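This report concerns only the one structure given below.
The values are calculated or read from the model by the stated rules, or taken from the named source; none is laboratory data. The structure presented is a predicted model; accordingly, all values stated were derived computationally and were not measured. All Cβ positions, glycine included, derive from the backbone under ideal geometry; neighbour counts span all protein chains shown.
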Amino acid sequence: MFSRITAEGAIWADGTPEAVDALVLATGYRLAFPYLTGSGALDPDGRPLHRGGIATAVPRLGFAGMEFQRSFSSKTLRGVGRDAGYVLGRLSPRR
């Protein structure tokens, strides 16, 4: 797991930086992103700032699996795949 993100990519726990084109976080059942604190990706309560799973304040950052992310089923196995596909399509460098 990475320890923080930067404008260029991610910093791994051992301090090694790695450039990344996009970062998608599969949130699971709890919204907890301590590694995004101070990045501008979260509101004051620690919730992601996003529109449809695409971060509104951090380029190339996406989320998947959040309740009502794009639909009623977003937080379920039935809906997360559609949302993940949407996010990946929006973050794809081919776009």
Exercise. Scan (1) at pLDDT below 90; (2) over 14 Å from the mean Cα position of the chain (by Cα) for the single condition residue 36 breaks and write down its number.
Key: (2)
Exercise. From (1) farther than 23 Å from residue 92 by Cβ; (2) part of a strand (DSSP E or B); (3) modelled with pLDDT under 85, pick out the condition that doesn't hold for residue 11.
Key: (3)
